[in-house]
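The values are calculated or read from the model by the stated rules, or taken from the named source; none is laboratory data. Predicted, not measured: the structure shown is a model, and the values here were computed from it. Here the Cβ positions follow ideal geometry from the backbone for every residue, glycine too, while neighbour counts run over all protein chains shown.
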Amino acid sequence: MKNRKILFWLLGALIIFTVIGFSFPVAYAAEGVKFPKTGLSEKKIEEILTNLLNWLLGVVGVIALIGFVVSGIIYLISAGNDEMITKAKKYMLYCLVGITVALASYVVVKAIDTILNAGGSAPPSSSPFTSV
């Protein structure tokens with residue numbers, strides 16, 4: 001049951017970060033649209049989503065740090081109790097899995113953004129693939 005719950009949360013985080021990544025083309029499509037003054041931000045949607053993604057990664061980092069500290073404290077106060085040692089190691093493993101999923105989703109989002117933007121730069125002139 002616990003494994004299903006963990007898998008559910010990990011897949012949920014991956015889906016959220018992927019949806020944010022697929023929202024970048026929407027930002028480019030609405031680039032030239034002007035709205036009347038509404039008191040909302042004047043920034044592009046791309047900047048807002050990038051800031052949100054960076055904020056979420058910061059939150060995940062802080063939560064992971066707290067998780068590592070808690071599992072380290074549990075490990076230190078276990079005093080040889082095998083059950084508490086196993087519990088602390090399990091918590092630390094969950095923290096590592098969470099960080100891995102968060103960073104992997106960030107990489108996926110950046111890769112999709114790069115693919116949709118076609119890399120954003122021309123190949124260098126010394127490249128063997130350029131025409132002479």
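Which one is nearest to the chain's Cα centre (by Cα), of the residues in the stretch 54-85 that are over 27 Å from Leu14 (Cβ atoms) and among the hydroxyl-bearing types (Ser, Thr, Tyr)?
Restricting to residues being over 27 Å from Leu14 (Cβ atoms) and among the hydroxyl-bearing types (Ser, Thr, Tyr), the top hit is Tyr75.
Out of (1) more than 18 Å from the chain's Cα centre (by Cα); (2) in a helix (DSSP H, G or I); (3) not acidic (Asp, Glu), the odd one out for Tyr94 is which?
(1)
Any residue in the stretch 23-30 that is under 15 Å from the mean Cα position of the chain (by Cα), of a type in the set (Phe, Trp, Tyr) and at pLDDT below 85?
yes
So Val19 clears everything in (1) surrounded by fewer than 14 Cβ atoms within 10 Å (Cβ to Cβ); (2) over 17 Å from Tyr91 (Cβ atoms); (3) modelled with pLDDT of 80 or more except one condition, right? Which one?
The failed condition is (3).
Quickly run through the stretch 43-91 and pick out the residues that are farther than 25 Å from Lys5 by Cα, part of a helix (DSSP H, G or I) and at pLDDT 90 or above.
The answer is Leu76, and nothing else.
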